[in-house]
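Notes for the one structure printed next.
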Amino acid sequence: MKKFVMLDSHTLPDADFHQEKELLAEHNIECVLAKCKTEEEVIACAQDADCIGDNYFRIDGALLDKLPNCKAIIRYGIGYDVVDVDACTQRGVWLCNLPEYCVTDVATHTMAMMLDLVRKTTLFDRHTRAGDWDVGYGYEVHRLEALTLGLVGFGNIARLFSKYAKVFGTRVVASDPFVAQEIFQEYGVEKISLEELFAKADIVSVHVPIIPSTHHLICRETIAGMKDGVMILNTSRGPIVDIKALIEGLHSGKVCAAGLDVVEGEPISDPHHPLWACENLVVTPHTAYNSVEASDAQHTQVAETAVAILSGQTPRNIVNRKQLGL
Ligand SMILES: NC(=O)c1ccc[n+]([C@@H]2O[C@H](COP(=O)([O-])OP(=O)(O)OC[C@H]3O[C@@H](n4cnc5c(N)ncnc54)[C@H](O)[C@@H]3O)[C@@H](O)[C@H]2O)c1
C-alpha cells in the first residue's frame, strides 16, 4: 500500500482533511496526518512515505536524504519557498504546488487593500471611533481612474487583480521579464521596466515569488525611485519588502500608505513592533489565500495530485518539471 503523509497538519487547524482521507482511501492509499514540529518527528512519521504533503515545514537536502521512499512533495499552496527545489531535483523528487487554488482570493484581498488605502476606510474608522469626526483627516483622496497601478510581476494573481482594478478605471502597468508581450496585450496592461514602473505608479503592488533576486526588491533605493506619496501593497511574501525601508518611507511621507498581508519577520506578535507606529498602514495576518472555497480546493487538489502521482501519472503542477526533464 502506498503512503501519503501530511507533515504539519496542525498548521491548518480548521481543516478536517476529509478530501484527502476520502480520495486516498478510494485509491487504496494510506493517509497519515502528522503534526511534526521537529526533523526527528518528520523522519519518524515519513521515512517510509511515498509522497509528502507540506504546508510550512522547511525541507532541505539533508532531510530528503532521510526520506528515501519520497517520490514527491506537494506544497499546500502557491509559493514553495519552504522547500529547496534544487535539492529535490538533485534527488529526482517531484515538487508540486497548487498554482491556482487561491488566485481569486489573493486578487480580491489585494483589491480590498487598495480600495481601503485609497478611500482611507480603516484610517477613518480608527479616528471616528476615537471621537474624531473629521472628513479631512489624513492624506488626499484621488479617484481610482486618476491613478496608475504598477504590478511587480504579472503572473496569475497580478493578472486577475489587473482585471479588477481596470473595472474601476485605474490605469495598469506591469513589469515581468518572463511574461510575453501578448499576455500583457490580452489584459490591456502596459509592459514596462521595473525602473519605469517605480517612476510612474501611484500604487506599487508586489506579486513576485521570494527568490534571491526578489529579496528586498522594495528597499531604500527602489523606494527613492518611486513617486512621492506612493502607496505600496504586498500580498506576496514578506521579505520582498525591506520592512525598515518601508517604515522609514511611511514616516517621511515618501510612502503615503501601505497595505501588507505579509511582513518580513512574520508572524509579528510584539505589540511594540515599529510597524505599529505607522498610521497609514493596514496589516492582515497572511490571510489573503483564505476562504471556504479556497480551502476546499486546496485539500481536493492536494488529494488529486497525490493520487495521480501514486497511480503512476505525471500531474501538470510539478514545479521542477523542466529541471527533471519530464
Ligand atoms: N498572501 C497569500 O496568502 C498568498 C497566497 C498565494 C500566493 N502568494 C504569493 O503570491 C506570489 C505570486 O503568486 P502567483 O500565483 O501570481 O504566482 P505566478 O507564478 O503565477 O506569478 C509570479 C510571477 O512573478 C514573475 N517574476 C519572477 N521573478 C520576477 C522578477 N524578478 N521581476 C518581475 N517578475 C518576476 C514570474 O515571471 C511570474 O509571472 C507567490 O509567489 C506567493 O508567494 C501569497
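Bear in mind that the values in this text are calculations on the coordinates, not laboratory data. Remember, predicted model here, so these are calculated numbers, not experimental data. Because the Cβ atoms are built from the backbone with ideal geometry, glycine has one as well, and the counts that use them run over all protein chains shown.
Taking 7 Å steps out from each Cα toward its Cβ at residue 35 and residue 244 produces label points 3.9 nm apart. Diffusion coefficient (Stokes-Einstein, Kirkwood radius over C-alpha pairs, 4 °C, 1.567 mPa s) for the chain: 61 µm²/s, rounded to a whole number. Were the residues from residue 269 through residue 135 laid out at 0.36 nm apart, the gain over their Cα-Cα distance would be 45.0 nm.
With respect to the chain, whose longest principal axis is taken over its alpha-carbon atoms, helix 292-310 is tilted by about 30°.
In this calculation the C-beta distance from residue 314 to residue 195 is compared with R0 = 35 Å, giving a FRET efficiency of 0.30. Each Lys and Arg contributes +1 and each Asp and Glu -1, all at the Cβ; summed about the Cα centre of region 183-288, the dipole is approximately 60 debye.
With r as the distance between the Cβ atoms of residue 211 and residue 163 and R0 = 25 Å, compute the FRET efficiency 1/(1 + (r/R0)^6) and round to 0.05. Efficiency, rounded to the nearest 0.05: 0.45. Could you please report the charge total around residue 315, scoring K, R as +1 and D, E as -1 over all other residues with beta-carbon less than 11 angstrom from its beta-carbon? Local charge sum for residue 315: +1.
Projecting the Cα positions of 62, 301, 25 onto the charge dipole of the chain (unit charges on Cβ atoms of Lys, Arg, Asp and Glu, taken about the Cα centre) puts 301 furthest along the positive direction. If you average the alpha carbon positions of region 220-294 and of region 121-184, how far apart do those two centres end up, in angstrom? After rounding, the separation between the Cα centres reads 14 Å. With neighbours defined as other Cβ atoms within 10 Å of a residue's Cβ, the residues 94, 276, 133 order from fewest to most as 133, 276, 94. Among the GluC sites (Glu not before Pro) in region 110-212, those located in a DSSP loop and surrounded by at most 11 other Cβ atoms within 10 Å of their own Cβ are 140.
Summarising the strand pairing of the chain, around 5 percent of its internal DSSP beta bridges are antiparallel.
If the segment from residue 287 to residue 115 were pulled out straight at 0.36 nm per residue, it would be longer than the present Cα-Cα gap by 60.2 nm. A DSSP coil position with no more than 12 other Cβ atoms inside 10 Å describes the following trypsin sites (Lys or Arg not before Pro) in region 259-326: 316, 322. Summing Cβ point charges (Lys, Arg +1; Asp, Glu -1) relative to the Cα centre of the chain gives a dipole of roughly 580 debye.
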